[in-house]
Amino acid sequence: MRRAALIALVLLLALPAAAFGHATLVRTTPGSSGVVNTPPSTVTLEFSEPVEARFASVSVTDAPGNQLRDGRPTAAGNTLTVPIKPIAEGWYLVYWRVVSTDGHPIRGAFTFAVGPNPGPSPEFKIPSIAETAATPELVTARWIVLLAAMAAIGLFALRLLTARPARDLRGVTTAFGVASVVALVVAPVYLVLSTAQFSLRSAFDLGAVLPLLDGTEFGKGFIRLELCFALFAAAAGIAIWLDDPARPRRTIADLLATSGALLAAAGVLLVPGTSGHPGTAEPRGLAILLDAVHLGAGSIWLGGLVGLVILWRTQQLALAFRRFSSVALWAVGVLVATGVWASIVHLPTLASLWETGYGQWLLVKIALLCLAAALGAVNLLRTKPRLAAGQRQSPRVVGGEIVLIAGAVFAAAVVTSLAPPAKAIAEIGKPAAEVGPGPVSKTVERGGYELTFGLTPNRAATQNQVTIAVRKDGKPVTGAVVTESFTMLDMEMGRQEYELAETGPGTYGRETSALVMAGRWGLTVRVEPPGAEPISVTVLDHAEG
């Protein structure tokens, strides 16, 4: 049985990486900012990964704001198709919202025109394009699920393995039962709340929300988590019922039940990584495994501390404290090692720690865990010897350790609700300047050339006028090939590149709706002057929504 389970685990970790990232808009028909002579009957949006039509929302409006969509979007693989009513010559706005398979909602907008003479693009009124999965309600529910599940696994390990010789562990058993019930109840509540937000429905509209629960890889992952945890809770309950601490040797039934519970616990620890950020890392199998080990180490630490507080005024405390101290020391070491590895994988640069929301919450988690480890060292060096000597001690230090770990789990709930910063941050290197928010006019020198960046109005999901003025020795450089690329830096969204037309001596430009989201963008300009070596300059732009 164990060999079969091991083979299944190896096969799971060896599977190729699935597209559990963030859906990015790759191509549209009609093209973004393009002009077509024949009025289209549909608008198609091609994304970097499959999207679920049940969570998609697309509107097509004219300049006065009239809705021209003629039915619900349909999905075929990575492509979303929206039927539209007959339209005339002029400009139109397409506003879209999809949910990535990992549960992150993405919004954006672009325009197109029907010619041959559509005229200048009007100022469209664009709805908000800012949205996040890290809302207070969702983060709080996710935190409770993580906290309860981790406490249950840690309490089970304390009860059946670490503190078993202490014998009278009824309080620990009760705490395990309470934590298990909380996790089993709150997990589906969180899934309903998140699905309601993804589908823009009320959480109380269960008739509409429940059929959508498995509509994303995120939803399927949480259903798998609930099933695995239910199996763990049942197996752990049987193992505790069969176990008699007064009996020095375990029975075969006891060993089988305990082994089954531990395998189910391993499944609980592995599932979150398969549909979360580790599922996007390379190598995927190793990332998921180390994430499970990280979560398991935290569970042993947290659940063990909760169990010690429960045992504090019993005769079993000194023995349980002594045995748990050695286990906790290893758990903290494993937690630190796997956490450092995960930070290296998910953060493209060291500066991402303080320059991105993902990194900032990761710093909060690290700080809280460091404080908890410091209190753990106090317990190891002071409390443990005093308890061994029979001296009464206050549980406040252990209680403080629990509070700090719970805070770190909350920070982890926020981190896992945010998109990791894009790896393009490392690829673009140090920007020559920072611009925005608001209209951009910035001159940068590179290789004897002066490049003046222009971007107006520098707002996301609208038409922006891009201009690049190229001069050398004060004279305009004409006849150059100038391309500008737009790279989203707050999440993986690919790169969009456009060639700019020469609109005047040494001035190149075009209109584009490349800034599909508010946030930080890397704007890279490559200039190929006639008969000279090309130059490339990148600036960091902050675009408002």
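Where helices (runs of 4 or more DSSP H) fall wholly inside region 339-392, the ranges with 1 or more residues that are closer than 24 Å to VAL306 by Cβ and in contact (Cβ under 8 Å) with a residue 40 or more places away in the chain are 357-378, 384-388. Residue count for region 513-536, restricted to those that are surrounded by fewer than 20 Cβ atoms within 10 Å (Cβ to Cβ) and of a type in the set (Ser, Thr, Tyr): 1.
All of PHE222, PHE229 fail the test of being in contact (Cβ under 8 Å) with a residue 60 or more places away in the chain and part of a helix (DSSP H, G or I), apart from PHE229. Scanning region 483-510 for residues that are more than 30 Å from PRO420 (Cα to Cα) and surrounded by fewer than 22 Cβ atoms within 10 Å (Cβ to Cβ) gives LEU500, ALA501, GLU502, THR503, GLY504, PRO505, GLY506, THR507, GLY509, ARG510.
Do we have GLY215 as in contact (Cβ under 8 Å) with a residue 40 or more places away in the chain and in contact with a Lys or Arg (Cβ under 6 Å, 6 or more places away or on another chain) here? Taking the combined requirement at face value, the residue satisfies it. For the residues ALA389, ALA372, ALA461, the requirement of being in the same structural domain as VAL332 (by TED's automatic domain parsing), modelled with pLDDT under 85 and either farther than 22 Å from VAL332 by Cα or in contact with an Asp or Glu (Cβ under 7 Å, 6 or more places away or on another chain) (or both) singles out ALA389. The conditions of being surrounded by 14 or more Cβ atoms within 10 Å (Cβ to Cβ) and farther than 29 Å from PHE112 by Cα are met by VAL415. Looking across LEU169, LEU225, LEU184, one residue alone is more than 30 Å from LEU317 (Cα to Cα) and of a type in the set (A, V, I, L, M, F, W, C). It is LEU225.
Against the criterion of being among the small types (Gly, Ala, Ser) and surrounded by fewer than 16 Cβ atoms within 10 Å (Cβ to Cβ), ALA318 does not qualify. Within region 393-405, restricting attention to residues that are in contact (Cβ under 8 Å) with a residue 40 or more places away in the chain and assigned to a helix (DSSP H, G or I), the residue that is surrounded by the fewest Cβ atoms within 10 Å (Cβ to Cβ) is GLY399.
The values are calculated or read from the model by the stated rules, or taken from the named source; none is laboratory data. Computed from a predicted model, the values in this text were never measured in an experiment. Cβ atoms come from the backbone with ideal geometry, glycine included; neighbour counts cover every protein chain shown.
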